[in-house]
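Enquirer: Supplied in structure tokens, the structure appears directly below.
The values are calculated or read from the model by the stated rules, or taken from the named source; none is laboratory data. On a predicted model such as this, the values are computed, not experimentally measured, just so you know. Note that we place each Cβ from the backbone using ideal geometry, even for glycine, and neighbour counts take in every protein chain shown.
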Amino acid sequence: MRIGQFSDSLPPIINGVSAFVAEHHSQLLTQGHDAHAFTFGYTHTKDTQPNIWRTAGLPIFASGFRMGLTLNAKSHRAATRLDIYHAHEPFFSGLQALRYAKWHNRPFVFTNHTRHDIYLLNYPRFTLPLSRHYIFGLIRTGVNNSVIATAPSEDTAQFLRGLAPESAHKVRVVRNGVRLDQFDNTSDCEARDSLGIDCDATVFMYVGRLTPEKNLVAFADALTQAVHNGADAHWVVIGDGPCREELAGRLASVQDRAHFLGAMPRERIPRLLAMADVFATPSLSEVNPVSVIEALASGKPYLGMQAAWWDEFHVASHNGTAPPGYLAQDDADLAQAVIGLSRNVPKRRAMALEARKLSHRFDIRDITANWIGIYHEAIMHSRT
């Protein structure tokens, strides 16, 4: 098949959508398909995979994203030869995918990776009605015009069905995936030494953007409280964003326990994850985060706040083994969890074993094979 993925997020943009689309593109090529990926911006990037088509775009404020209204000549020629058009976002690249699908009477598949209703809560209040109308309208357009629409979690699938009830029957769940073999690393004491962290200390790690919707201040406060109550805990933060200064301020009294490493190339993440004991993210706005999947693949249990998206990872334990993560009910419970996980090494190790087992659910080879079946189904449906 000649498959086109259209995404506003591709490397060097760092987020979960970018990571998944890049991995999926690579797997499509590996599994023998004529795969193409289209995006706007970063035209001087040296891509490691073939058939990535970039059109120059205008910056969208300081977001890192680029906008564009038409594809350049090379991208256009590649886009006219596709069997199926897969949009990973409802915005600029997604609109291009829909346009080409209609022009060439080919099937259009739409994936919504984000709970935009939760993200919008961090926008200025006076912009909320207009932003909701515009964004929800684009998502509804994507779902209604698709042969098949997907979301990476059941919670987000329900969000799509609520926005486009007339097309609710099209919506299904297809989870994200990663290359599990990249995360098979042993604990790295040298990396800890470079940060001044003792090998016996408990390292909590976060990988992602430092933005309000990630709720990171909750973990900063929990770590501070836990350390003041005797927990030998450190927090290693990989990523950057507008909340960094606020987080540093909240951690001032335990600043020697907080390590901000900034944004890192994705290929460095597996080695850095190896030094962690627990992956900690208190975000309430995720869908099926690649960062958590990578942590599971590294054998790291997770700690977070109770939210609908955690249901994609939580497994009830009926056989006496430890679950792969701990879901805190409130801020006080989060601090107690930091203390408990810092002191209970056997429990952490049992949780780590379950985490690695759970990661097998998200093997990118299986996820891509599932997508290939969906593409075939969409093509057959469009011919009937």
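Enquirer: If Gly32 satisfies all but one of (1) within 21 Å of Leu82 (Cβ to Cβ); (2) in a loop (DSSP other than H, G, I, E, B); (3) in contact with a strand residue (DSSP E or B) (Cβ under 9 Å, 6 or more places away or on another chain), what's the number of the condition it fails?
Expert: Checking Gly32 against (1) within 21 Å of Leu82 (Cβ to Cβ); (2) in a loop (DSSP other than H, G, I, E, B); (3) in contact with a strand residue (DSSP E or B) (Cβ under 9 Å, 6 or more places away or on another chain), the one that fails is (3).
Enquirer: Same structure, new question: Any chance the stretch 323-334 includes a residue that's more than 24 Å from Asn176 (Cβ to Cβ), in a helix (DSSP H, G or I) and touching a strand residue (DSSP E or B) at 6+ places or on another chain (Cβ under 7 Å)?
Expert: The answer is yes, given that some residue of the stretch 323-334 is more than 24 Å from Asn176 (Cβ to Cβ), in a helix (DSSP H, G or I) and touching a strand residue (DSSP E or B) at 6+ places or on another chain (Cβ under 7 Å).
Enquirer: So, one more: Being more than 23 Å from Phe362 (Cβ to Cβ) and part of a helix (DSSP H, G or I) is true for just one of Ser253, Ser146. Which residue is that?
Expert: None of the others qualify; the one that does is Ser253.
Enquirer: I want to confirm something. Restricting to the stretch 54-68 and keeping residues that are at pLDDT 95 or above and among the aliphatic types (A, V, I, L, M), which single residue is surrounded by the most Cβ atoms within 10 Å (Cβ to Cβ)?
Expert: Per the criteria, the residue is Met67.
Enquirer: Same structure, new question: Within the bounds of the stretch 135-153, is there any residue that is surrounded by fewer than 20 Cβ atoms within 10 Å (Cβ to Cβ) and among the hydroxyl-bearing types (Ser, Thr, Tyr)?
Expert: The answer is yes; a qualifying residue exists.
Enquirer: Checking the conditions here, which among Arg125, Arg172 is farther than 30 Å from Glu294 by Cα and surrounded by fewer than 18 Cβ atoms within 10 Å (Cβ to Cβ)?
Expert: Every option except Arg125 fails the conditions.
Enquirer: Before we move on, is Arg209 modelled with pLDDT under 95, among the basic types (Lys, Arg) and under 24 Å from Lys357 (Cβ atoms)?
Expert: no
Enquirer: Let me ask you something else. Just checking: which of the helices (runs of 4 or more DSSP H) contained wholly in the stretch 37-138 hold 2 or more residues that are in contact with a Phe, Trp or Tyr (Cβ under 7 Å, 6 or more places away or on another chain) and among the hydrophobic types (A, V, I, L, M, F, W, C)?
Expert: 73-79, 92-104
Enquirer: So is Asp47 farther than 28 Å from His376 by Cα and within 23 Å of the chain's Cα centre (by Cα) or not?
Expert: Considered against the rule, which asks whether it is farther than 28 Å from His376 by Cα and within 23 Å of the chain's Cα centre (by Cα), Asp47 comes out as no.
Enquirer: Report, by residue number, each residue of the stretch 256-292 that is assigned to a helix (DSSP H, G or I), touching a residue at least 12 places away in the same chain (Cβ under 8 Å) and under 20 Å from the mean Cα position of the chain (by Cα).
Expert: Arg266, Ile269, Pro270, Arg271, Leu272, Leu273, Val290, Ser291, Val292
Enquirer: Let me ask another. Scan the stretch 313-320 and give yes if some residue there is under 19 Å from the mean Cα position of the chain (by Cα) and either of a type outside the set (S, T, N, Q) or over 18 Å from Ala355 (Cβ atoms) (or both), otherwise no.
Expert: yes
Enquirer: List the residue pairs whose Cβ atoms are under 9 Å apart, where the first residue sits in the stretch 358-384 and is among the acidic types (Asp, Glu), the second is loosely packed, with under 13 Cβ neighbours inside 10 Å, and the two are 6 or more positions apart or on different chains.
Expert: Listed by first residue and then by second, the contacts come to Asp366/His360.
Enquirer: So, one more: Could you count how many residues in the stretch 1-53 are surrounded by fewer than 17 Cβ atoms within 10 Å (Cβ to Cβ), in contact (Cβ under 8 Å) with a residue 60 or more places away in the chain and charged (D, E, K, R)?
Expert: 1
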